[in-house]
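**Q** First, the structure itself, so that you have it in front of you.
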Amino acid sequence: MRCPFCDHPDTQVVETRESDEGDSIRRRRRCLHCEKRFTTYERIELSLPAVVKRNGTRTEFDRRKLRASMSLALRKRPVSAEAVDAAIHRIEEKLLSLGLREVDSEQIGELVMRELKKLDKIAYVRFASVYRKFEDVDEFAEAVLEVRARRKRASD
């Protein structure tokens, strides 16, 4: 780390502390040349991929939009806020692990449906009906049958 006072390339870490929130590290440093002290902060920089919408436009990933769409599907359902937070966290982790700069909105929709299916079957069907743009009752019935078949296999 270069000294901000004399631009000397060698500095020494005198003290290291983690922030109260645990999201950064504060380091007290001393220049080996001019002996002046200064503070640096180290933070994790995570960058989620940009979202490519169905019409081809690109936008930044927005956790609030994800929460809003999941909350709408989960409206009046017995699912805790902590469970929703954990699902959103898993979706973000999956997106980060892909290592892509861009991801299609369809892929995010599939991740959301997978998480909703684990949280609440009704919310899953609600989300799927909007996300997959069901045109008729038969498509809706297929989604319900899929949930029933999975539940039956899980109980066997």
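The values are calculated or read from the model by the stated rules, or taken from the named source; none is laboratory data. These numbers come from a predicted model, not from an experiment. Counting neighbours? That spans all protein chains shown, and the Cβs are built from the backbone with ideal geometry, glycine included. Side chains are part of the model used for accessible areas, which takes the heavy atoms of the whole protein and leaves out ligands, DNA and RNA. Shrake-Rupley method; radii C 1.70, N 1.55, O 1.52, S 1.80 Å.
**Q** Could we say that Ser47 is in contact with a Lys or Arg (Cβ under 8 Å, 6 or more places away or on another chain) and at pLDDT below 95 here? Talk me through it step by step, then tell me what you get.
**A** Numbers: in contact with a Lys or Arg (Cβ under 8 Å, 6 or more places away or on another chain): no; at pLDDT below 95: yes.
Here the answer is no, as Ser47 does not meet what is asked.
**Q** Something else about it: List pairs: first residue in region 59-80 and over 15 Å from Glu106 (Cα atoms), second residue of a type in the set (Val, Ile, Thr) and open to solvent by 60 Å² or more (accessible area, probe 1.4 Å) anywhere in the structure, Cβ distance under 9 angstrom, at least six positions apart or on different chains.
**A** Close Cβ pairs (under 9 Å, with a partner that is of a type in the set (Val, Ile, Thr) and open to solvent by 60 Å² or more (accessible area, probe 1.4 Å)) amount to Leu72/Val130; Ala73/Ile122; Ala73/Val130; Leu74/Ile122; Arg77/Ile122.
**Q** Among (1) in contact with a Leu (Cβ under 7 Å, 6 or more places away or on another chain); (2) part of a strand (DSSP E or B); (3) within 30 Å of Ala123 (Cβ to Cβ), there is one condition Gln12 misses while meeting the rest; what is its number?
**A** In the conditions (1) in contact with a Leu (Cβ under 7 Å, 6 or more places away or on another chain); (2) part of a strand (DSSP E or B); (3) within 30 Å of Ala123 (Cβ to Cβ), Gln12 misses (3) alone.
**Q** Val130 is checked against (1) out of contact with any Pro (no Cβ under 8 Å at 6 or more places or on another chain); (2) open to solvent by less than 60 Å² (accessible area, probe 1.4 Å) and fails just one. What number does that condition carry?
**A** It fails just one condition, (2).
**Q** Next question. Kindly indicate which of Ala143, Ala83, Ala123, Ala128 is closer than 30 Å to Asp23 by Cβ and touching a helix residue (DSSP H, G or I) at 6+ places or on another chain (Cβ under 9 Å). Please lay out each step first, then the result.
**A** Details: Ala143 fails: closer than 30 Å to Asp23 by Cβ; Ala123 fails: closer than 30 Å to Asp23 by Cβ; Ala128 fails: closer than 30 Å to Asp23 by Cβ.
Within the list Ala143, Ala83, Ala123, Ala128, the selection yields Ala83.
**Q** In region 72-86, how many are farther than 12 Å from Leu119 by Cα and open to solvent by less than 80 Å² (accessible area, probe 1.4 Å)?
**A** 0
**Q** Taking region 118-138 only, how many residues are at pLDDT below 70 and either assigned to a helix (DSSP H, G or I) or touching an Asp or Glu at 6+ places or on another chain (Cβ under 6 Å) (or both)?
**A** 1
**Q** Could you tell me which residue of region 24-52 is least open to solvent (accessible area, probe 1.4 Å), considering only residues that are over 30 Å from Asp104 (Cβ atoms) and part of a loop (DSSP other than H, G, I, E, B)?
**A** Cys34
**Q** Now, a different point. Go through (1) more than 30 Å from Val103 (Cα to Cα); (2) among the hydroxyl-bearing types (Ser, Thr, Tyr); (3) open to solvent by 70 Å² or more (accessible area, probe 1.4 Å) and name the single condition Ser19 misses.
**A** (3)
**Q** Looking at region 147-156, can you tell me whether even one residue there is at pLDDT below 90, open to solvent by less than 60 Å² (accessible area, probe 1.4 Å) and either under 25 Å from Asn55 (Cβ atoms) or out of contact with any Asp or Glu (no Cβ under 9 Å at 6 or more places or on another chain) (or both)?
**A** Scanning region 147-156, I find at least one residue that is at pLDDT below 90, open to solvent by less than 60 Å² (accessible area, probe 1.4 Å) and either under 25 Å from Asn55 (Cβ atoms) or out of contact with any Asp or Glu (no Cβ under 9 Å at 6 or more places or on another chain) (or both), so the answer is yes.
**Q** Follow-up. Six or more apart or on different chains, Cβ atoms under 6 Å: show the pairs whose first residue is in region 134-146 and farther than 18 Å from Lys118 by Cα and whose second is modelled with pLDDT of 75 or more and assigned to a helix (DSSP H, G or I).
**A** Partner pairs satisfying both residue conditions: Phe140/Ser129.
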